[in-house]
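Structure first, commentary second.
The values are calculated or read from the model by the stated rules, or taken from the named source; none is laboratory data. Given the structure is predicted, the values throughout are model-derived calculations rather than measurements. Cβ: placed from backbone, ideal geometry, glycine included. Neighbour counts: every protein chain shown.
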Amino acid sequence: MAKIDKYIGKIKIPTFVFFIAAIVIIVYFLPREGKYKYSYDENRPWQYGLLTAPFKFHIHKSDAQIQQEKDSIMQTYLPYYQLDGAVAKKSSTQFVQDARAKSVPEDYISYINRKFTEIYKAGVISAENYERIQQLNKKQLMLRSETGNNIAATRHIASFYTPRQGYEKILDDAPAHIDIAHLKSINLNDYLNVNILYDEKTSLSIKNDMLQQVSLYEGEIQYGEKIIDRGEIVDARLKNILDSYSKEVEGKVGTKAKPGWLIFGELLMVTLLIMTLMVYLKFYRIAEYKNKKNVIFMLLMVIIFPIITGIMADAKMFTLMYVIPFAIPTILIRTFIDSRTAITTHIITILICAIMLPLAQMAQFIAVQILVGYMCIFSLRNLSERSQLVYCALLILVTYIVSFTAWILCTEGDISLIKENSRVYIYFCINFVFVTFAYLLVYMCERVFGFMSEVSMIELSNTNRPLLQQLSEVAPGTFQHSMQVSTLVVSAAHRIGANATLVRTGALYHDIGKMVNPIFFTENQVEGINPHAGLTEKESARIIIDHVMEGVRIAKKNNLPQQIIDFIETHHGKGKAKYFYNSYVNSHPDEEVDEADFTYPGPNPFTRETALLMMADTVEAASRSLKDNSKEAITELVNRLIDTQLSDGLFKNAPITFKDIEQVKEVFCDKLVSMRHLRVAYPELKKEAAQKPVSGTE
């Protein structure tokens, strides 16, 4: 999975723009409908205070009542049809022409023409229209004549013929001298055409006019009129009034297509909350505010969950809000940044989401979610194993159940309501399943954003890892040096409040580049063998300096996080390989020395942790050459080396104070004295004493 932190670092957009973008995105996805903030049920007491009408509104009829009235009025509705007189004339004329061409006897033609006149006068309607009228349970229809005066008369559908009925009528009424077989051969169906046509336009118009007569309202509430007060039972009438008030409110606050004061209020509220987060970061977490990667990560956590909440609020799925794992952003921000930032972000996210809920649920939602957030922080205060994330999820589940139950009991005082809300406890269990995926999300965020969690640092600092095992075998002296440095920096980090776990891990890996040419470094050399003999100072310096680049190469090959690579790159900063630099200057007094040949590539330390490692690496290595391990000698060495680094400007990019440096010196001196002290010499047994038996023994 590709990391995006290297691309984020190239973004030149000011940090505050990201916060403005977050505000716009959140407000866009906030629900515009369903903003009626009261929750109530029929035959239950009203839980809120006195409610009076803030404006005049109609009392809406219920959907069932409106439908009933529509059904009643539609019972009098009759569809409209049009008589087409031209059909009869055209069909009769065509029949006569065809019959005479086929030499049909005149008496046959005369009889059939009479029957055509009779049938067309009654009207021929299609079988489909006949069945449609019957399906509407209608016995009549409205027939408009062809005169164009829009006058319609009521006709019973039994008075019409279908083409089949007209055909059978001609056969049944035939006189005795008419041969039925010959009559059938004339193909009378070809001349029995529909002349009663459905008038769709008029029918729909009349139907709509009748439906519009149904009133949607059954009364009116005046401005300032009392609707309901606390404790009153919401009966059917009051429920209808409250439902009507809800519809009016939703119509007045606006929709996504028609913004109102609601959107302005939401924009103002979201702006205040997001700006609170920005101000907190700018004044109390300035390093995080300047780190665009961290800002984008936190804002993503803040944006995603209000969007999910907004979608569910639009769908009126308010109780399902407890399925949303709001603890996940808190876990992730606590894991990668710090606890205070995590709980601040959590509270702001919860407050943003709360404005989307009904008033009845808002307070409950905020109380439960804040308790969950604090439990999340408490359970992860010492995050050292990934299994703690599962333990945290279990504690979050318990907190949801206990806090929700407590809220019901303290607000309702009715334990039976717990059973009524049993489905919410199922939602808590689903939430628990989602929260357990934080284990996977921590890993994904590490890969995508280039973060390194405390758990990952602890895992990397395990000396049984293959890379550290290889270091201990290929360069045992370097490995021991790294272990000693890690001991020094951990104590110093604790003293000044730096990240001890991070700097310890960086210390273990900072010299892995020495595995390429381990014998060229003093701590790995065998006494009496000097591989630098025969090399110039520049060649030796280049070999020594190259261990930094080699370390970076090995680290990237083994997929070490960038935070660890930072320690490898900065543990010498842009300092010099002074042993060979001084030797070269002394042996070439008249030559202008190119310092670049003896200077490490850097960069200089830019965090307190990398500055600590530079100091510890230098003093630990130098302390090995001390012949006098007294406290005074060690104190002089530590002060001299660190002051030299300070005067060389190696710490100018690191946010470390003079007070921090003095405290670090004290820690290094105390630790080095205890690490370099001489052991007590054990006395040897005299030969005579060894041979003399101890009294009381054999």
Residue tally, condition of a type outside the set (A, V, I, L, M), over 19 Å from GLN364 (Cα atoms) and over 37 Å from the mean Cα position of the chain (by Cα), over segment 39-70: 16
Which listed residue, of VAL295, VAL323, VAL279, VAL249, is hydrophobic (A, V, I, L, M, F, W, C) and modelled with pLDDT of 95 or more: VAL279
Those residues of segment 441-466 which are part of a helix (DSSP H, G or I), assigned by TED's automatic domain parsing to the domain that holds VAL516 and surrounded by fewer than 19 Cβ atoms within 10 Å (Cβ to Cβ), in sequence order: ILE458, GLU459, PRO466
Evaluation of HIS177 against (1) closer than 22 Å to GLY85 by Cα; (2) out of contact with any strand residue (DSSP E or B) (no Cβ under 8 Å at 6 or more places or on another chain) (one fails), failing number: (1)
Top-ranked residue in segment 594-621 [being surrounded by 14 or more Cβ atoms within 10 Å (Cβ to Cβ) and without any contact (Cβ under 8 Å) to a residue 40 or more places away in the chain; ranked as farthest from the chain's Cα centre (by Cα)]: THR618
Whichever residue in segment 38-70 is assigned to a loop (DSSP other than H, G, I, E, B) and in contact with an Asp or Glu (Cβ under 6 Å, 6 or more places away or on another chain) and, among such residues, is farthest from GLU220 (Cα to Cα): TRP46
Matching residues in segment 289-311 - criterion: being among the β-branched types (Val, Ile, Thr), surrounded by 14 or more Cβ atoms within 10 Å (Cβ to Cβ) and in contact (Cβ under 8 Å) with a residue 40 or more places away in the chain: VAL295, ILE296, VAL302, ILE303, ILE307, THR309
Matching entry among THR309, THR335, THR345 (being within 16 Å of the chain's Cα centre (by Cα) and closer than 18 Å to CYS445 by Cβ): THR345
Check on ALA313, at pLDDT below 85 and more than 30 Å from ILE430 (Cβ to Cβ): no
Contacts under 8 angstrom Cβ, first residue in segment 274-288 being part of a helix (DSSP H, G or I), partner loosely packed, with under 15 Cβ neighbours inside 10 Å, 6 or more apart: MET278/PHE16; TYR284/ARG340; ALA287/PRO655
Leading residue by the ranking (nearest to PHE606 (Cα to Cα)) among those in segment 523-548 that are in contact with a Gly (Cβ under 7 Å, 6 or more places away or on another chain) and at pLDDT 90 or above: VAL548
Some residue of segment 479-498 being farther than 26 Å from ALA622 by Cβ and in contact with a Ser or Thr (Cβ under 9 Å, 6 or more places away or on another chain): no
Unmet criterion (only one of (1) free of Cβ contacts under 8 Å to residues at least 24 places away in the same chain; (2) of a type outside the set (A, V, I, L, M); (3) in a helix (DSSP H, G or I)) for LYS627: (3)
Qualifying residue in segment 175-195 (condition: closer than 30 Å to MET74 by Cα, in contact (Cβ under 8 Å) with a residue 60 or more places away in the chain and surrounded by 12 or more Cβ atoms within 10 Å (Cβ to Cβ)): yes
Boolean, GLU131 is closer than 26 Å to ILE186 by Cβ, assigned by TED's automatic domain parsing to the domain that holds TYR161, at pLDDT 85 or above and among the acidic types (Asp, Glu): no
Residue satisfying all of: in segment 139-174; modelled with pLDDT under 85 and either surrounded by fewer than 18 Cβ atoms within 10 Å (Cβ to Cβ) or under 16 Å from PHE116 (Cα atoms) (or both); nearest to the chain's Cα centre (by Cα) among these: ASN150
When residues of segment 71-101 are limited to those that are touching a residue at least 40 places away in the same chain (Cβ under 8 Å) and part of a loop (DSSP other than H, G, I, E, B), the one farthest from LEU188 (Cα to Cα): THR76
Whichever residue in segment 507-542 is surrounded by fewer than 18 Cβ atoms within 10 Å (Cβ to Cβ) and among the hydrophobic types (A, V, I, L, M, F, W, C) and, among such residues, is nearest to the chain's Cα centre (by Cα): VAL516
Every pair of residues 6+ apart whose Cβ atoms lie under 7 Å, when the first sits in segment 471-490 and is touching a residue at least 24 places away in the same chain (Cβ under 8 Å) and buried (at least 16 other Cβ atoms within 10 Å of the Cβ) while the second is outside any helix (DSSP H, G or I) and among the hydrophobic types (A, V, I, L, M, F, W, C): THR478/PHE521
Segment 622-655 - residue that is polar (S, T, N, Q) and under 19 Å from VAL485 (Cβ atoms) and, of those, surrounded by the fewest Cβ atoms within 10 Å (Cβ to Cβ): SER625
Residues of segment 553-564 satisfying the condition of being surrounded by 19 or more Cβ atoms within 10 Å (Cβ to Cβ) and either free of Cβ contacts under 8 Å to residues at least 24 places away in the same chain or not in a loop (DSSP other than H, G, I, E, B) (or both): ILE554, ALA555, GLN563, ILE564
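Can you find, within segment 203-214, the residue that is farthest from ILE66 (Cα to Cα) among those that are touching a residue at least 12 places away in the same chain (Cβ under 8 Å) and either not assigned by TED's automatic domain parsing to the domain that holds ALA152 or not small (Gly, Ala, Ser) (or both)?
Among those residues, the one meeting the criterion is ILE206.
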